[in-house]
1. Quickly run through the stretch A:26-39 and pick out the residues that are buried (at least 17 other Cβ atoms within 10 Å of the Cβ) and either without any contact (Cβ under 8 Å) to a residue 12 or more places away in the chain or more than 18 Å from A:THR194 (Cβ to Cβ) (or both).
2. Being crowded, with 21+ Cβ neighbours inside 10 Å, under 25 Å from B:LEU177 (Cβ atoms), at pLDDT below 85 and not hydrophobic (A, V, I, L, M, F, W, C) is the requirement here; does B:TYR71 meet it?
3. Pick from B:VAL131, B:VAL150, B:VAL160: which is under 30 Å from B:LEU185 (Cα atoms) and outside the structural domain of B:GLY287 (by TED's automatic domain parsing)?
4. Quick check on A:GLY145: is it more than 13 Å from every other protein chain (Cβ to nearest Cβ) and of a type outside the set (Lys, Arg)?
5. From B:GLY434, B:GLY401, which residue is without any contact (Cβ under 8 Å) to a residue 40 or more places away in the chain, out of contact with any strand residue (DSSP E or B) (no Cβ under 8 Å at 6 or more places or on another chain), within 26 Å of B:LEU310 (Cα to Cα) and not assigned by TED's automatic domain parsing to the domain that holds B:ASN189?
6. With (1) more than 14 Å from chain A (Cβ to nearest Cβ); (2) buried (at least 22 other Cβ atoms within 10 Å of the Cβ); (3) not β-branched (Val, Ile, Thr) as the list, and B:ALA147 as the residue in question, which single condition is left unmet?
7. Which condition number does B:LEU29 fail, the rest of (1) surrounded by fewer than 20 Cβ atoms within 10 Å (Cβ to Cβ); (2) farther than 19 Å from B:ALA166 by Cβ being met?
8. Only residues that are without any contact (Cβ under 8 Å) to a residue 24 or more places away in the chain, closer than 30 Å to B:LEU470 by Cα and touching a helix residue (DSSP H, G or I) at 6+ places or on another chain (Cβ under 8 Å): list them for the stretch B:336-375, please.
Amino acid sequence: MGTEPVIEIDRMTKSYAGARSPAVHDLSLSIEGGRFVALVGASGSGKTTTLKTINRLIEPDSGEIRVEGERIRAMNAPALRRRIGYVFQDIGLFPHLRVGENIGITPQLLGWDAKAINNRVAELLDLVALPRGYAMRFPDALSGGERQRAGVARAIAARPRIVLMDEPFGALDPVTRDALGWAYRRLHERLQLTTVMVTHDVQQAVLLADQIVVMGAGRILAQDTPRALLGGHQHPDVAALMAMPKRQAEQIAALLETAPGASNHG
Amino acid sequence: MDERIAGALHLLPNYLAQHVLLSASALMLGVLISLPLAILASRYKGLRWPTLATAGLVQTIPGLALLALFYPLLLGLSQVTTAVFGVGIPALGFLPSLLALTLYSMLPILRNGVAGLTGLNPALIEAANGVGMTPRQRLLQVELPLAAPVLMAGIRTAAVWTIGAATLSTPIGQTSLGNFIFSGLQTENWVLVLVGCAAAALLALIVDQLLGLIEAGLARRQRRRLGVGLVGLGVAIAAALVPLKSQGQSTYVIGTKNFAEQFILGELVGELLERQGLGVDHKDNLGSATIFRALVSNDIDVYVDYSGTLWTNVLKRHDLLADDAMLAELTRALRERYGALVLGRLGFENAYVLAMRADRASALGVRTIADLAAYAPQLTLGSDLEFLSRPEWTALQRAYGLKFRAERSFNPTFMYRAIEEGEADVITAFSTDGRIAAQKLVVLGDPKRAILAYDAVVLIAPRRVADSRLKQALAPLIGALSTDLMREANLMVDRDTDKMSPKQAAQFLAAHLRKPAS
């Protein structure tokens, strides 16, 4: 894993019109190459705003953001976005385009030739474990899980080194969510990606991420490995947030130990 | 087959072709203007309300009025371009119809375009940005394709409106399926009216279905439906336009006003020109003020008007001169001021007269307008659509002190019906009208000579004044039609039984014309 920061956010502030306090306040964050970073926190804590400033879907009011050392404010926004994979909860597959056309959209925008796009689409379908025949289907013929796999394939189609994910598996059933989470984690390692994922699901963040950033009221409350954060934290909100998966895990472990006897106990 | 149906079917290809050309052009222009406007309005909120409100306002103007308004507008514009560039623009016919119908078609396209573009799922817009599309790529690859079904539904509505409203372009000189309806209404030829309505309705239905196929193809992403709809529409338009290709020679445009006598004379003039091998086109159903301005601006080449009408409406004169002196003065003034040529009298007079049912008149003992004045407050006057706004009505009221209980305006055909059925007691008839005799009406005398002479005269447009072939072709008309002859021809078209078309009546007149003196 690299140690150079790939994404650097430097004293960034963003306010929305009509809001009493800024959504993100004077936030600095550095993410090293190859990391899988989860942004967690309550609704309105500023985690999605922070994520979207990285590919300029949202423009900050002040502060500076660098991607692979370049100041993104000076870059062409569509060109920047073509370099960064983006997956989000509503999936956003274009319903009027076939799955193959959806997956190949960023290569098409980058001007790849048709044959290279077709080969890449086939390769990506294999990679996300979808049948190759799905390339000719329209998105509404796929299940939710299949669509999200296609969404992941689209995000990495143009071989980005960075992938941003906004609640990527939130709308899926628990079994699919878990399977897709692990499948993505393997892809992340295999393709040596740098991933930033916003999620409500602290348990999944703990299980998948190398590093967890806990946000509250537009600021970073804590940034550490899952193991360290599970061990406790001085900030009560962070401690409360991390206590939940820990307690669940302990309860499940206790349940598993006592299970054979308990079932007869009545 | 019925003679009238056969006659109508003979005219159908040309009327249909003109109708399709006009509606298709208006719709295409409407889409070309509305689509960018809809895109702008969906981008900039501030533009949305004014754009939609303006289009909505246009929609509230009655179709006929909107078409009529474009005539003076273009006429004014034409005077400007003539003064500046030396070239006028046609104020009658295709251009004003096209512009009015284009405006008319815009509202549904705009409204649905804005609704389609602003109603898109925001997640898809974010996805388009997220994969790295530029605003232009997003519009072309995502927004427009997704809004297309809603937009097509708007275009479909616009198409049906446009095809319907295009029938109203007849009175401003554009041939359309409306020619059937307007001529049929004037000559009480209900077969013609039905043919016009049915053809327009059928055309609208077919186009609506084909556009519906395209809409469904877009909505369900079925290329085959889309293809069938597009090809069907293309073939239908191309097939309808075929009759137009056979035209296009240098033609003389004959204008007519909106009553049977004018249609007959228009056909007669056409017959005479065709005999000389000249190409002919007709612009029928023009308003009586419109038609003279159309002549002066060379939108039509020849038509028949009446001396008294020109005297009061064009020259704004209210004095009374003897017939010959008045015609001489009229000829001089029109040539001098407008460049138009009064070629000569046809021989008959079609004056306004006041007429009553014979039984009613004898019961009251009324023989002249002077007798009528005493009974007028208990009687209803039925007039045609323009008499009450003409200066001779004012003159008549002043001369005899006329004051009716009520005054009602009718389309000429219905005016005669009204007196027959007692809805009117006195009507403003025309002296050549065959129905005066047929309905046993009496013409009331005008002892004070308050109503002017209305000699029928042939007028020639400024650009044709020196055209000897035209003048030679028209020569047999001059002085050749007596009032009795004209009345007989009018009755052929106006009567209820054994009804004839204006063309047949024109052939009857042509057979009675003297050979040109040479």
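The values are calculated or read from the model by the stated rules, or taken from the named source; none is laboratory data. Please read all numbers here as calculations on a predicted model, not as lab measurements. Quick reminder, even Gly has a Cβ in these numbers, built from the backbone with ideal geometry, and neighbours come from all protein chains shown.
1. Result: A:LEU27, single match.
2. Against the criterion (crowded, with 21+ Cβ neighbours inside 10 Å, under 25 Å from B:LEU177 (Cβ atoms), at pLDDT below 85 and not hydrophobic (A, V, I, L, M, F, W, C)), B:TYR71 qualifies.
3. B:VAL160 is the lone residue from the list that is under 30 Å from B:LEU185 (Cα atoms) and outside the structural domain of B:GLY287 (by TED's automatic domain parsing).
4. Details: more than 13 Å from every other protein chain (Cβ to nearest Cβ): yes; of a type outside the set (Lys, Arg): yes.
Yes: the conditions hold for A:GLY145.
5. Of the residues listed, the single one that is without any contact (Cβ under 8 Å) to a residue 40 or more places away in the chain, out of contact with any strand residue (DSSP E or B) (no Cβ under 8 Å at 6 or more places or on another chain), within 26 Å of B:LEU310 (Cα to Cα) and not assigned by TED's automatic domain parsing to the domain that holds B:ASN189 is B:GLY401.
6. It fails just one condition, (1).
7. In the conditions (1) surrounded by fewer than 20 Cβ atoms within 10 Å (Cβ to Cβ); (2) farther than 19 Å from B:ALA166 by Cβ, B:LEU29 misses (2) alone.
8. Within the stretch B:336-375, no residue meets the criteria.
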